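One structure is given below, encoded as structure tokens.
Please treat every number below as a calculation from the coordinates, not as lab data. Values in this document were obtained by computation on a predicted structure and should not be read as measured data. Neighbour counts run over all protein chains shown; Cβ positions are idealised from the backbone, glycine included.
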Amino acid sequence: MSGSNRNTTVEQALTRLNFKPRQLEPGHVWLAGAGPGDPGCLTLEVLAALGQCDALVYDALVSPEVVAVAEGAELFYAGKRGGKPSMKQDDITALLVRLARAGRRVVRLKGGDPYIFGRGGEEALALAGENIPFRILPGLTSGLSALAATGIPGTMRGINKALILATGHAAGTDDDLDWAAIARTGQPVVIYMGMANLPLIAASLLEGGLPSSTPAAVIVAATTPQERIVVATLATIAEEAAAAGLTSPALIVIGGIVAMRAALAGEP
């Protein structure tokens with residue numbers, strides 16, 4: 001099918017859907033999720049918001065293709081990639097308030113979903129405290145869509161009855177999670193922002209009782225042309241991910257669901 005025919009098909013599908021986006025008003029802020037990376041993962045609501053805004057405050061994990069949708073907007077880069085220069089959270093919040101009070105139509109765009117390890121709740125709370133009208137536009141959270149994109153089912157009957165989403169940035173600090181308690185659940189865990197602490201996290205889960213043979217994976221740039229995945233065991237995942245040169249941002253997946261990837265691909 002040619003590109004023009006594909007475009008026509010998409011336009012016809014949208015017409016049949018009869019989607020009517022809400023209007024982004026001056027002085028309002030919409031906190032939106034851009035999904036895991038592939039522009040095809042954008043929701044229609046987020047796509048419509050990008051077409052309406054005149055001020056876009058966006059994070060480093062948002063692809064240039066998605067940013068380009070906001071053709072008529074003034075762009076404000078917030079950073080928010082681990083280990084790289086970024087705006088401080090208080091400064092981002094102050095910027096959102098200032099833009100809204102200036103009568104701008106503001107979209108605050110984050111990778112994944114704004115309410116899943118995206119600090120969207122903090123920004124929403126600050127906007128509410130300043131009496132700034134806001135709205136949340138959900139996005140596909142990377143912790144779930146990355147699994148689907150790489151052939152790992154988030155839940156599988158006979159393997160798990162829950163899925164734990166955790167952050168690994170505080171591993172080894174006083175603010176750390178109880179990894180032993182997570183290990184005792186026996187349920188798979190998806191870890192955001194944990195690459196720098198992967199050796200420590202893996203060791204803590206092993207100490208908590210997870211078998212060394214527990215399947216594990218590290219996924220980088222899921223849904224994009226740069227997607228990479230390393231599959232190993234809990235005992236070896238840190239070493240194998242490092243040997244493969246995988247770096248942040250990445251998701252770590254630990255649990256029996258990882259083994260389903262090979263089974264679904266027909267591998268022995």
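Pairs of Lys residues in the chain, spaced 8 or more positions apart or belonging to different chains, with C-alpha separations under 17 angstrom: 4 in total.
Quick one: net charge around L99, please, counting Lys, Arg +1 and Asp, Glu -1 for every other residue with C-beta under 14 Å from its C-beta.
Result for the neighbourhood of L99: -1.
Taking a ≥ b ≥ c as the square roots of the eigenvalues of the Cα gyration tensor of region 17-75, is the shape rounded (a/c under 1.5), prolate (a/b larger than b/c) or oblate? Oblate, because a/c is 1.5 or more while a/b does not exceed b/c. Near T233, once Lys and Arg are set to +1 and Asp and Glu to -1 for all other residues with Cβ below 11 Å from its Cβ, the sum equals -2. In the chain, the longest principal axis of the Cα atoms and the axis of helix 89-101 are about 20 degrees apart.
Taking Cβ atoms as reference points and 13 Å as the exclusive limit, the residues near I164 contribute a net charge of +1, counting Lys and Arg as +1 and Asp and Glu as -1.
Mean projection of the Cα convex hull over all viewing directions, computed for region 3-140: 8.5 nm². Labels on offer are (i) 20.1, 61; (ii) 24.6, 78; (iii) 23.9, 72, and the one holding Rg and Dmax of the Cα atoms in Å computed from this structure is (i).
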